[in-house]
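Here is the structure we will look at, set down as structure tokens.
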Amino acid sequence: MAARPGPLWLLGLALCALGGGPGPRPPHSCPQRPLGARERRDMQREILAVLGLPGRPRPRAPPATARLPASAPLFMLDLYHAMAGDDDDDGGGAPERRLGRADLVMSFVNMVERDRGLGPQEPHWKEFLFDLTQIPAGEAVTAAEFRIYKVPSTHLLNTTLHVSVFEVVQEHFNRESDLFFLDLQTLQAGDEGWLVLDVTAASDRWLLNRDKDLGLRLCVEAEDGHSVDPGLAGLLGQRAPRSRQPFMVTFFRATSSPARAPRAARPLKRRQPKKSNELPHPNKLPGIFDDRHGSHGRQVCRRHELYVSFQDLGWLDWVIAPQGYSAYYCEGECSFPLDSCMNATNHAILQSLVHLMKPDTVPKACCAPTKLSATSVLYYDSSNNVILRKHRNMVVKACGCH
């Protein structure tokens, strides 16, 4: 029998056997048996390694009085559906185009909010702080956005507003902070909706100072240059409903591969056939005509169902979507003659021919994936930031003989 792809087949035997529950289920052909506590822990550890996570995130549950969906998870869920709909399509809108270049998307919830406006002649501003310590190493920023919701202003009718965002950098303690301009948007006081400000230019500094919080200052001016209170302009802050609270979203592209491959992803050792001094019959090539290797009753190389369930692993307290996904795996014979349905490579055909003549030294061709695609996982980290990560080569699309 051809060798099975290590991680997918091992996960298939274990995850198909996990206990039941609502949601999509694995096919009935999967072997059904409950996993022991140690087996479950080992499987969880291996899947976390495949997902590139050092451990199981443990987010804080929101208070019982705040069960309404928050703005960042709602936005990230929309991104997840866009990414899951077509991982290879850049899409038409700006978020979709950025998704096409991103392997990782993180949202950051505003931790601290400060307002200033001491008098009619004093400039007004609103500041926000974001904890960036959860940004993983080896990631390059492709885009970063600050999103704040605006409602129509009842105090400023028919007024054009200029909204600017600055990065607040405090190089030394007890010294005035420096401001670095990031973006400017012009809008009308009566506008309503999400205001998106580009803060990508701040990424070089925050990646060098991951131990420091990112500070953003928002300033609003009327067309005559007078400072306007952001609250009077209709820009909502922490006191807004949860679905309209400000947040930041950052798109990353991996610049280096993970240092450790999970144990299950390492190739399985091929079992060497027993040596034999017997030569094939001069008028008969083994594997073509004899019943033992014949085509009757053999299962050719093809794709099989494999369902990975996050729900059955008990991870739905931190995994937002999906509850599970179909990973599939490849299994079956690659014996000569290789049919067209086996999607065999030219090398596999030659290897199969040589195997007939030298079965003790040349193994059969292997049934393995010929096409893989990505899958996306949306989850909370331990700081309650919402993360959307695209995991490449996670789903078998086609199998063949190699």
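Points worth noting:
- Once both labels are positioned 7 Å from their Cα atoms along Cα-to-Cβ, the gap between LYS358 and ASP42 label points is 3.7 nm.
- Between VAL228 and HIS124, VAL220, GLU221, ALA222, the built amide H atoms are under 5 Å apart, and every one of these is 5 or more places off in sequence or on another chain.
- When the charge dipole of the range 104-252 is built from unit charges on Cβ atoms (+1 for Lys and Arg, -1 for Asp and Glu) and taken about the Cα centre, the candidate among GLN245, LEU182, VAL141 whose Cα reaches farthest toward its positive end is GLN245.
- LEU350-GLU113 FRET efficiency (beta carbon distance; Förster radius 56 Å; 0.05 resolution): 0.25
- Across the range 235-241, computed HN-Hα scalar couplings (Karplus, 6.51 cos²θ - 1.76 cosθ + 1.60, θ = phi - 60°) run 8, 8, x, 5, 7, 6, x Hz from first to last residue, x flagging Gly and Pro.
- Whole-Hz ³J(HN,Hα) from phi, Karplus 6.51 cos²θ - 1.76 cosθ + 1.60, for the range 40-47, glycine and proline x: 5, 5, 4, 5, 4, 5, 5, 5
- Around the amide H of SER153, modelled in the peptide plane, lie the amide H atoms of GLY190, ASP191, all under 5 Å away and 5 or more residues distant in sequence or on another chain.
- Residue order for MET76, MET43, fewest other beta carbons within 10 angstrom first, comes to MET43, MET76.
- A simple spin-label model places pseudo-atoms 7 Å from Cα toward Cβ; at ARG56 and LEU372 they are separated by 2.6 nm.
- The residues neighbouring LEU350, those whose beta-carbon lies less than 14 Å from its own, together hold a net charge of +2 under the Lys/Arg +1, Asp/Glu -1 convention.
- Cubic angstrom per residue, convex hull over Cα atoms of the range 104-252: 116 Å³
- Under a 5 Å amide H cut-off, with hydrogens placed 1.01 Å from N, CYS399 pairs with ARG303, THR370 among residues at least 5 apart or on other chains.
- Neighbour-count ranking [beta-carbon atoms within 10 angstrom, fewest first] of LEU51, LEU157: LEU157, LEU51
- Packing-based order for 299-306, 103-110, using average beta carbon neighbours within 10 Å, highest first: 103-110, 299-306
- Each of TRP206, TRP318, TRP194 has some number of other Cβ atoms within 10 Å of its Cβ, and from fewest to most they run TRP194, TRP318, TRP206.
No value in this document is a laboratory result; all are computed from the given coordinates. A quick note: this is a predicted structure, and the numbers were derived from the prediction, not measured. Quick reminder, even Gly has a Cβ in these numbers, built from the backbone with ideal geometry, and neighbours come from all protein chains shown.
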